[in-house]
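Contents: one structure, followed by commentary.
The values are calculated or read from the model by the stated rules, or taken from the named source; none is laboratory data. Just so it is clear, the structure is predicted and the values come from calculations on it, not from any experiment. FYI the Cβ positions are ideal-geometry reconstructions off the backbone, even for glycines, and counts take in every protein chain you see. These area figures cover heavy atoms from the full protein model, side chains too; ligands, DNA and RNA do not enter into them. Shrake-Rupley method; radii C 1.70, N 1.55, O 1.52, S 1.80 Å.
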Protein chains: 2
Amino acid sequence: MSAETVSGAPGKHARGYPKGRLRRGEIIRAATENFAQNGFTGATILDIANACRITRAGLLHHFADKETLLRAVLEERDREDRARFAPYVAGPSHGIGVLRGIVDLAGHNSQVPGLIDLFVRLSAEATTPDHPAHAYFTDRYRRIRRGTAHALAAAARAGYLREDADPAGAAVHLTALMDGLQAQWLFDAEIDMAAQMRHAVLGLLGPTGARAFDDFTLPPPE
Amino acid sequence: MSAETVSGAPGKHARGYPKGRLRRGEIIRAATENFAQNGFTGATILDIANACRITRAGLLHHFADKETLLRAVLEERDREDRARFAPYVAGPSHGIGVLRGIVDLAGHNSQVPGLIDLFVRLSAEATTPDHPAHAYFTDRYRRIRRGTAHALAAAARAGYLREDADPAGAAVHLTALMDGLQAQWLFDAEIDMAAQMRHAVLGLLGPTGARAFDDFTLPPPE
């Protein structure tokens, strides 16, 4: 969930041989699952290697240690998030694209419980300052709040926001709501994350903003 | 955070000898800290015993295993939560007491980072159905949502709620917001949890409800 512009999907000339890239991708997927289930502290290189049917040494050939693998897992998530958000910010929409992107992301998230588990689990562990993902999550929260506040400020300038809405405060609110809904939803799948996010976003918009939100359409894929 | 009525603080005739009770309390405090820091999976009976300067066998005399100790930690938290909430629901307030209790709890929580860490950490671990605290957290969320929805419905009947507010949906929203703010705040202490909760609650109330919220006072302690 971020309002940054996308840096582009890897092209034909992405680094590494195809086979090595495939193997790396497989390891990252297995690590994602394992971190989600056991946390970073509880995960072991050996378990992840076993899940990929390679040896521990084989895995360490691709990723020097568990920290490097964690970094790769998080980078992969960020890359996917940016790719997911790119079409929402491709055209000028006075922030409405980002708000629609946030609501649609909540809907998408309910399809990928494993990834939600990963983030809830890792971020809970990473509150300790010496956790290897502490700086990552601190930065991530700042980036998400900044991107959301930026979009809300653009919506305010376009006359889309309710007059009493405060972009910076509302950015904290929407970010917290998204996280808290995920935590609840992992215990009760009946929680409708997208409907809740949509309700919260519409609560910030005035009538013209609500219309722009409903009228927003994604550009056709290239 | 709950809207139940309190069952009363333990009286003079609470079970066990004073010395044993003191020791139990000490163990529970040490376990709370240890679970908060290492999660339930990462915590060990030996580390907790060491923190209390007793032997492993000495600890197991009071708590048969790590699961029993976890249950005691969570029960102690619930007892404290109920005691904290009791004055807010002592008089008739058409749900306003519970809403003030929620906002004040957010302010109180910013004074006890260790306990917030405990809950964020344990609930993230407990999303797996076989975790010993899974049922506890599932029930806790349901209870909190039910209590909050109940208070909001009472406020609606008194004409305190905005006409477009939906008690059940708003209960999910407030519960998620509280959790999500805690997760963010653990990475950035500048997040003002109480101000955010207050803003969200006031957003649900109409003018007379907002006045009742501001005028609410706790009964004098007995």
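So in the range B:122-172, with the set limited to residues that are in a loop (DSSP other than H, G, I, E, B) and of a type in the set (Ser, Thr, Tyr), which one is farthest from the other protein chains (Cβ to nearest Cβ)? Explain how you work it out, then say what you get.
Step one: filter the range B:122-172 for residues in a loop (DSSP other than H, G, I, E, B), giving B:126-133, B:158-160, B:162-166.
If we keep only those that are of a type in the set (Ser, Thr, Tyr) as well, we get B:127-128, B:160.
Values: B:127: 4, B:128: 7, B:160: 18 Å.
Per the criteria, the residue is B:160.
Condition first: under 19 Å from residue A:123 (Cα atoms) and not hydrophobic (A, V, I, L, M, F, W, C). Now tell me which residues in the range B:122-147 satisfy that.
B:123, B:125, B:127, B:128, B:131, B:134
Contact list please: Cβ distance under 7 Å, first residue in the range B:70-92 and in contact (Cβ under 8 Å) with a residue 12 or more places away in the chain and open to solvent by 20 Å² or more (accessible area, probe 1.4 Å), second residue assigned to a helix (DSSP H, G or I) and among the basic types (Lys, Arg), pairs at least six apart or on different chains.
B:88/B:100
Give A:22, A:105, A:70 a once-over and let me know the one that is within 30 Å of residue A:198 (Cα to Cα), in a helix (DSSP H, G or I) and aliphatic (A, V, I, L, M).
Only one candidate qualifies: A:105.
Looking only at the range B:128-144, how many residues end up being open to solvent by 30 Å² or more (accessible area, probe 1.4 Å) and within 14 Å of the chain's Cα centre (by Cα)? Can you show your working first?
Restricting attention to the range B:128-144, the residues satisfying the condition of being open to solvent by 30 Å² or more (accessible area, probe 1.4 Å) are B:128-130, B:132, B:134-136, B:139-140, B:142-143.
Now narrow it down to the ones that are within 14 Å of the chain's Cα centre (by Cα): B:136, B:139-140, B:142-143.
Residues in the range B:128-144 being open to solvent by 30 Å² or more (accessible area, probe 1.4 Å) and within 14 Å of the chain's Cα centre (by Cα): 5 in total.
Limited to the range A:183-201, what total is found for residues that are within 8 Å of chain B (Cβ to nearest Cβ), open to solvent by less than 30 Å² (accessible area, probe 1.4 Å) and either in a helix (DSSP H, G or I) or out of contact with any helix residue (DSSP H, G or I) (no Cβ under 9 Å at 6 or more places or on another chain) (or both)?
Looking only at that region, the number is 4.
Suppose we filter B:177, B:204 for residues that are open to solvent by less than 10 Å² (accessible area, probe 1.4 Å) and within 13 Å of chain A (Cβ to nearest Cβ); which single one remains?
Result: B:177 is the single residue among B:177, B:204 that is open to solvent by less than 10 Å² (accessible area, probe 1.4 Å) and within 13 Å of chain A (Cβ to nearest Cβ).
Can you confirm whether residue B:147 is touching a residue at least 12 places away in the same chain (Cβ under 8 Å) and in contact with an Asp or Glu (Cβ under 7 Å, 6 or more places away or on another chain)?
When the stated conditions are applied, residue B:147 passes them.
Which condition number in (1) more than 13 Å from the chain's Cα centre (by Cα); (2) surrounded by fewer than 21 Cβ atoms within 10 Å (Cβ to Cβ) is the one that residue A:125 fails?
For residue A:125, the exception is condition (2).
Quick one: in the range A:207-222, of everything that is part of a helix (DSSP H, G or I) and of a type in the set (A, V, I, L, M, F, W, C), which residue is least open to solvent (accessible area, probe 1.4 Å)?
A:213
Hey, residue B:42 hits all of (1) open to solvent by 10 Å² or more (accessible area, probe 1.4 Å); (2) away from chain A (no Cβ under 13 Å); (3) not β-branched (Val, Ile, Thr) but one; which does it fall short on?
For residue B:42, the exception is condition (2).
Go over the candidates B:116, B:48, B:96 one by one and state the one that is in contact with a helix residue (DSSP H, G or I) (Cβ under 7 Å, 6 or more places away or on another chain), open to solvent by less than 20 Å² (accessible area, probe 1.4 Å), within 14 Å of another protein chain (Cβ to nearest Cβ) and touching a residue at least 12 places away in the same chain (Cβ under 8 Å). Step through it out loud before you land on a result.
Numbers: B:48 fails: within 14 Å of another protein chain (Cβ to nearest Cβ); B:96 fails: within 14 Å of another protein chain (Cβ to nearest Cβ).
After applying the criteria, what remains is B:116.
State all residues of the range B:29-69 that are within 22 Å of residue A:41 (Cα to Cα), more than 25 Å from the chain's Cα centre (by Cα) and among the charged types (D, E, K, R); if no residue qualifies, say none.
Listed by number, the list holds a single entry, B:47.
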